[in-house]
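This report refers to the structure that appears directly beneath it.
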Amino acid sequence: MNKRIFVIAFAAFIFPFSAAAQLFQPLGIGFQGGERQGPYSQPRMHVEGDKLYVCTAKGLYVRDLTDDGSDWLSAGFEGIPLQDYVRRGDDMLALRYNEGGTFLLLSHDSGQTYEDVTPDVFRLRDHEHLPSLAQHPTDPSILLLSSMFKGVFRSTDFGQTWERLTYVFYGNGSASFVGFHPAQPSILYHCGEGGFFEPHFYVSYDDGQKWVNHSDDLMFPGDNCVHRPSFHPTQSERWLVGGEGCVYLSDDNGQTWTCQNYWDDKARSAYWYFSAFDTERPETVYLAGDVYTSFSNRIRLMCSTDGGRSWLPSQEMTTEERTLVNDLQQYHDRLIVYTESGVYTVAKADLIEQSINSVHTMTADGGPTATFDLQGRRLAEPRRSIYLKNHRKYLKK
């Protein structure tokens, strides 16, 4: 079938590249806050109320998100290269980058003093890696921990003792995730990249007793990872997961999956590590990732306004040096993006607006009455989203 290219009537409103770069507003942490300590560490961040806590190579730092002029302050574990932490009142369990077999530090005074509580099982190899730490959404004493070589472990006493739930070998320790379903915490997942660089995605529906291998169900094209899933805030059965240039949706708690997109076009391709459903507008979804190069200096954000079924072109930030995405969080009307080069905020409304105005072609011919999504695909019936008809934008609520 012949295809023709249509230029959208609102092309005059397309933002230049510099506008995309201006989306990313630095929070000025003052140093390479997210710099990884070797290939298998990936520091995270947490929004607690109006405070942003960031794990860095120099310890835990905090900033007040209500005050644009506030400073970053040390918040514990000073001088320790941290990957992640969990909190239970004044108790904190920190996951640090490996140094001599030390991984887990327990504090009873919010990180001011601490002790090494790393179990012996993780000290038996010279190059052991613990990529991911997760906390139960309602019981802060229950934790999950993934080991690159030993498997998935659970603690019910805030890290004092651990039991092994399953064995797994990860091929890529910096793309390994373990966690609880936030609304159905008896559902557990661990995902990433297997020992032969294949997609790895296991789910337990009975609190870790049995695990179902859904790796083949996703049918990732090529060599791919399964990155950290996100969950619809009101339809708990709907999951979304990003991969290497693709995104998948499930409407039945991860049992079956549909490939929404596989992009080999430059506007949407990236290692999509992190996704998030908007907490106030759940049909709006965000992806954060970086481009496919061994020396990546480009961070990309992409959004969907129809629940992840179609995606707008990405918006990009270029840095002078290599940078990778470490985490993505939300704070009201802003996204917070944590990279090796620093911490940035992005206004959600600006991201959506610039992404919509980036669309300038349709790739199918259907005449003046045909309707298209923002990727140029013809629609039989407009969805609840922004769509194109007769070269004009429409918003269906």
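The values are calculated or read from the model by the stated rules, or taken from the named source; none is laboratory data. Since we're looking at a predicted model, the values are computed, not measured. All Cβ positions, even for glycine, are placed from backbone atoms using ideal geometry, and neighbour counts span all protein chains on display. Protein only, heavy atoms only, side chains kept; ligands, DNA and RNA dropped before computing areas. Shrake-Rupley method; radii C 1.70, N 1.55, O 1.52, S 1.80 Å.
Could you please find all residues in the range 201-214 being assigned to a loop (DSSP other than H, G, I, E, B) and open to solvent by less than 20 Å² (accessible area, probe 1.4 Å)?
G208, H214 - these are the residues of the range 201-214 that are assigned to a loop (DSSP other than H, G, I, E, B) and open to solvent by less than 20 Å² (accessible area, probe 1.4 Å).
Can you tell me which residue is least open to solvent (accessible area, probe 1.4 Å) among those in the range 229-261 that are part of a loop (DSSP other than H, G, I, E, B) and of a type in the set (D, E)?
Filtering the range 229-261 for residues that are part of a loop (DSSP other than H, G, I, E, B) and of a type in the set (D, E), the one least open to solvent (accessible area, probe 1.4 Å) comes out as D252.
Quick one: is G76 in contact with a Ser or Thr (Cβ under 9 Å, 6 or more places away or on another chain), under 27 Å from L240 (Cα atoms) and open to solvent by less than 10 Å² (accessible area, probe 1.4 Å)?
Judged against the criteria, G76 is not a match.
Please give the strands (runs of 3 or more DSSP E) falling wholly within the range 287-360 in which 3 or more residues are open to solvent by 10 Å² or more (accessible area, probe 1.4 Å).
Hits in the range 287-360: 315-318, 325-331, 342-347.
Within the range 83-106, how many residues turn out to be more than 22 Å from P137 (Cβ to Cβ) and surrounded by 12 or more Cβ atoms within 10 Å (Cβ to Cβ)?
Counting residues in the range 83-106 that are more than 22 Å from P137 (Cβ to Cβ) and surrounded by 12 or more Cβ atoms within 10 Å (Cβ to Cβ) gives 7.
Exactly one of these conditions fails for V226: (1) under 22 Å from L165 (Cα atoms); (2) outside any loop (DSSP other than H, G, I, E, B); (3) aliphatic (A, V, I, L, M). Give me its number.
(2)
Of all residues in the range 188-200, count the ones that are in contact (Cβ under 8 Å) with a residue 60 or more places away in the chain and either surrounded by fewer than 21 Cβ atoms within 10 Å (Cβ to Cβ) or over 19 Å from the mean Cα position of the chain (by Cα) (or both).
Residues meeting the conditions: 0.
I'd like the full set of residues that are of a type in the set (S, T, Y) and over 18 Å from Q260 (Cβ atoms), limited to the range 216-242.
T234, S236
Please verify whether the range 145-158 includes one or more residues that are at pLDDT 95 or above, open to solvent by 30 Å² or more (accessible area, probe 1.4 Å) and not polar (S, T, N, Q).
Yes: the range 145-158 contains one or more residues that are at pLDDT 95 or above, open to solvent by 30 Å² or more (accessible area, probe 1.4 Å) and not polar (S, T, N, Q).
Which pairs do you get when a residue that is under 19 Å from E340 (Cβ atoms), found in the range 57-82, comes within reach of a residue that is basic (K, R) and open to solvent by less than 60 Å² (accessible area, probe 1.4 Å), reach meaning Cβ atoms under 7 angstrom, with the pair 6+ apart or on two chains?
Partner pairs satisfying both residue conditions: W72/R63; I80/R96; P81/R96; L82/R96.
Report, by residue number, each residue of the range 122-141 that is farther than 12 Å from L93 by Cβ and open to solvent by 20 Å² or more (accessible area, probe 1.4 Å).
Scanning the range 122-141 gives R123, L124, R125, D126, H127, H129, H136, P137, T138, D139.
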